[in-house]
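Quick notes on the structure that follows.
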Number of protein chains: 2
Amino acid sequence: MPKDSDNSDDRIPPRTLKGFRDYLPQAMLAREGLVETAKEVYRSYGFAPIDTPALEYLEILAGKGSDETDKQLYKFTDAGGRDVGMRFDLTVPLARFAAQYAQQLGLPFKRYHVATVWRGENTQRGRYREFMQCDFDTIGTESATSDIETALVIHDLLAKIGFVGAFTISVNHRGVLNGLLESLGLAAQATQVLRAIDKLTKTGPEKVAAEMQATAGATPAQAEQVLAFAALDGTNNAVLEQLRPMVDGSEVGEAGLARLTEVLAGIAAAGVDPARIKLDVSIARGLDYYTGMIYETTLDADPDLGSVASGGRYDNLAQMFTKQRLPGIGASLGLDRLLDGMEKLGMLPNVRTPAEVFVPLFSEELLGPLLKLAADLRSAGLRVELYGEAKKLGKQLQYADKRGHRVAVIAGPDEIEAGECQIKNLADGSSTAVPMASAADEISKLLRGN
Amino acid sequence: MPKDSDNSDDRIPPRTLKGFRDYLPQAMLAREGLVETAKEVYRSYGFAPIDTPALEYLEILAGKGSDETDKQLYKFTDAGGRDVGMRFDLTVPLARFAAQYAQQLGLPFKRYHVATVWRGENTQRGRYREFMQCDFDTIGTESATSDIETALVIHDLLAKIGFVGAFTISVNHRGVLNGLLESLGLAAQATQVLRAIDKLTKTGPEKVAAEMQATAGATPAQAEQVLAFAALDGTNNAVLEQLRPMVDGSEVGEAGLARLTEVLAGIAAAGVDPARIKLDVSIARGLDYYTGMIYETTLDADPDLGSVASGGRYDNLAQMFTKQRLPGIGASLGLDRLLDGMEKLGMLPNVRTPAEVFVPLFSEELLGPLLKLAADLRSAGLRVELYGEAKKLGKQLQYADKRGHRVAVIAGPDEIEAGECQIKNLADGSSTAVPMASAADEISKLLRGN
């Protein structure tokens, strides 16, 4: 609540913390639109929403976390003397949640969670210390169906956002790579090899080969075979064919290849355009975490943006909290990155209002009839801002112009007397007089036509 | 990310902090539904979304806050040595935001903000330490239009949520009460009088009269006149008439009464049923904060629940941060209280899934066609959960029963061969065979009929 202060010396400069952001209407309208689309797609597959506290016991969040995680955690001692922290992702809270309620929820359990997380990142790297995550996961099943659905959800999401036919979901299976390494006798050095391969697009094959020899003790021949594997290209079916001999004899490799084949077939059976799905054996995200299928998604118009929706399958979500084994699969939408991409591609409308329709207040005397007009337009499903003060019409229309309303409905005393109004298209300035009773229809027609 | 731990001795007990809540799907579906309805109504009046950080500089939040606020603040020193706090309401962030961007945004500025806030409340009083606020405000105007709209937004909100014709918005104007006190010579003791009157419904007129005499130094005759004022009842117009002589000669009282009259007329002009709006001169919320119109909303079926949507007009939002005077008006929806009320009144469906439709996986061989069936139903706008594993049909239907899906679409090999499926109404167990191509229409019909 505002405090008594008329002494300017006492004023506090309004500012935000480094790495934290205010969302003004234009940015927030875009973010809300994206989040709502994501939720709608998640729900359309039966994923249910959950939420967890922003603050958790520090031991829950820190667990046996890495030094990196620990350094980034916002943590403090609360007034009751408890060591607490602010969540830094939605995965640890999901693990705690699943351990606590698995019995009550029943398995499999499909949930989505859209929430803010905090990390004390180095802001010099352009990172934010507060951002929103947008995750969906299926827990308690190893079914191919949930692997397939993960790709379908990402597909529907990108299509609904507006990228129809203009994105690529790259898929891979960690078992295929592990199988190759097993065949090559490099299974024990998998982490080092994966870490090297992960840099393939960034640093090129020579440096990756050198790193594999340095860190994984690979021979030049082994490094070459790994690179040949990572360079596999062609149609998904052609790549599957080439992989078969490479993993031959490795149980984990053959199982991975079988699952990958089944998942690709399932995605196609659901009706997804094959051009949207690329089997890419070089992707190996989440080095210590993912164990089965993995997914990355790039925008065809801006692949350098990086993955805008990623995830994969994991063996056991919540072993830190329960002895119950909880395998699962999940992915998340990269909201900030996607919004960056949409902005660059001109996909975000230049508006600062959710209301398409603007009604100027012609004069104080007309407030009653104009309140009624606005109410009627809202009943017809339109979003309508009625200006509050009877300023000059030009001033009011300037306000509408700044906000980005698309249509103004103008009614002075003569129009109201005659049961009419002017519908003004704010994009081109054209105007039509229509009976008040058909105003909603006319506006809807105009908005559809725009 | 899950950490390596197979040693049960290392396990961390999954639990949440006192005063913090997990939202399981059933509760979260209800909360999300409510928040989305609120946002949709806010948008329909041209209120635009904003967001601000959860963490702010402590000086911004603490300002010249009361000891009470200060005690409840979650505050700490961050890794960069800054004193920071977690926001405890959305009003201080709005004040900081408005001071920072007023120039850029232009006035009037209409915003909504739905976000989590934290207060180290005494949980013994049944309070939560983390909860969501759902505010809308119009800043930078003193127009009657924005006063009227505040009531209209609350009205549309309650109606859209499902309380059509079953709620009461109580309105008052602080100037009317202040005018009376001025006429009585009690203007300087307004706070004490208001504090006493605020307890009228709880403690009754005698105790309130005694308190006014004790704390405000009112004479018994003055106390009686204040109580007569607070007891005014009848139609809104009748009360307005009775108020006229009571504030006669007081500038602030006459202005307040004029505004109150104008606001009631505007609300009626917009088409609101007069039975929904009650002029109640005894409400006096926000003792040190509100200066003009005030609003409270009760559910007719459960008035003891207290106000589920409240707010009012304030003189100057952001004087702590800027010399620019920013008058405004706003209100907020009490999400927790409203959800409590809806639960008590049986208005929350007993479901744990957003998907109406359940498709069992009859056999692994049918995964392809059933993925296609589910995709087709989704394209028709339905929300569809396909079960992932080909367990016994009974087991799968048990799962659907536990979740609360409303319709199952069952297709075995014979049905798929024949291009048909069974549509099973899970409420009554009845089943109909329909051609696959008309499944979506049949399900939609059934869902509408339920």
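The values are calculated or read from the model by the stated rules, or taken from the named source; none is laboratory data. Everything numeric here is computed off the predicted structure, so don't read it as measured data. A quick note on method: Cβ atoms are made from the backbone with ideal geometry, for glycine too, and the neighbour counts reach across all protein chains shown.
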Would you be able to say whether some residue in region A:345-353 is more than 17 Å from A:ALA427 (Cβ to Cβ), at pLDDT 95 or above and of a type in the set (Ser, Thr, Tyr)? no
Among what's in region A:370-383 and is part of a helix (DSSP H, G or I) and within 7 Å of chain B (Cβ to nearest Cβ), pick the residue that is surrounded by the fewest Cβ atoms within 10 Å (Cβ to Cβ). A:LYS372
So B:GLY412, is it touching a strand residue (DSSP E or B) at 6+ places or on another chain (Cβ under 9 Å) and on the phi > 0 side of the Ramachandran plot: no
Does region A:242-263 hold any residues that are without any contact (Cβ under 8 Å) to a residue 60 or more places away in the chain, under 16 Å from A:ASN172 (Cβ atoms) and over 29 Å from the mean Cα position of the chain (by Cα), and which are they? A:GLN242, A:ARG244, A:ALA258
Which of (1) facing chain B (nearest Cβ under 7 Å); (2) assigned to a helix (DSSP H, G or I); (3) crowded, with 19+ Cβ neighbours inside 10 Å does A:GLU59 not meet, given it meets every other one? (3)
For region A:264-282, indicate whether the set of residues that are under 13 Å from A:ARG174 (Cα atoms), within 14 Å of chain B (Cβ to nearest Cβ) and in contact (Cβ under 8 Å) with a residue 24 or more places away in the chain is non-empty. no
Scan region A:336-358 residue by residue and report those that are more than 8 Å from every other protein chain (Cβ to nearest Cβ), within 23 Å of B:THR37 (Cβ to Cβ) and either of a type in the set (A, V, I, L, M, F, W, C) or in a helix (DSSP H, G or I) (or both). A:VAL351, A:VAL357
Region B:93-104, residues that are modelled with pLDDT under 95 and touching a strand residue (DSSP E or B) at 6+ places or on another chain (Cβ under 9 Å): B:ALA102
For region B:241-252, indicate whether the set of residues that are among the small types (Gly, Ala, Ser), within 30 Å of A:LEU371 (Cβ to Cβ), modelled with pLDDT of 95 or more and not in a helix (DSSP H, G or I) is non-empty. no
Please work out which one of (1) within 20 Å of B:ALA355 (Cβ to Cβ); (2) in a helix (DSSP H, G or I) is the condition A:ARG96 fails and give its number. (1)
Members of region B:248-283 found to be within 21 Å of B:LYS160 (Cβ to Cβ), surrounded by fewer than 18 Cβ atoms within 10 Å (Cβ to Cβ) and not acidic (Asp, Glu), listed by number: B:ALA268, B:ALA269, B:GLY271, B:PRO274, B:ALA275
Being away from chain B (no Cβ under 12 Å) and within 30 Å of B:PHE362 (Cβ to Cβ), is that true of even one residue in region A:145-154? yes
Answer with yes or no whether B:THR116 is in contact (Cβ under 8 Å) with a residue 12 or more places away in the chain, in contact with an Asp or Glu (Cβ under 7 Å, 6 or more places away or on another chain) and surrounded by fewer than 23 Cβ atoms within 10 Å (Cβ to Cβ). yes
Answer from A:ALA214, A:ALA218, A:ALA230, A:ALA144 - the residue that is in contact with a Leu (Cβ under 9 Å, 6 or more places away or on another chain), among the aliphatic types (A, V, I, L, M) and without any contact (Cβ under 8 Å) to a residue 40 or more places away in the chain: A:ALA218
Sort out which residues of region A:400-433 are without any contact (Cβ under 8 Å) to a residue 24 or more places away in the chain, surrounded by 12 or more Cβ atoms within 10 Å (Cβ to Cβ) and part of a helix (DSSP H, G or I), and write them in order of number. A:GLU415, A:ALA418
In region B:293-306, residues that are assigned to a loop (DSSP other than H, G, I, E, B) and either buried (at least 21 other Cβ atoms within 10 Å of the Cβ) or of a type in the set (Asp, Glu) (or both) total 2
Can you tell me which residue in region A:26-56 is farthest from the other protein chains (Cβ to nearest Cβ), limited to those that are of a type in the set (Gly, Ala, Ser) and assigned to a helix (DSSP H, G or I)? A:ALA38
Return yes or no: is A:GLU389 of a type in the set (D, E, K, R), within 23 Å of B:TYR112 (Cβ to Cβ) and part of a strand (DSSP E or B)? no
Return the only residue of A:GLY271, A:GLY217 being in a loop (DSSP other than H, G, I, E, B), at positive phi and touching an Asp or Glu at 6+ places or on another chain (Cβ under 9 Å). A:GLY271
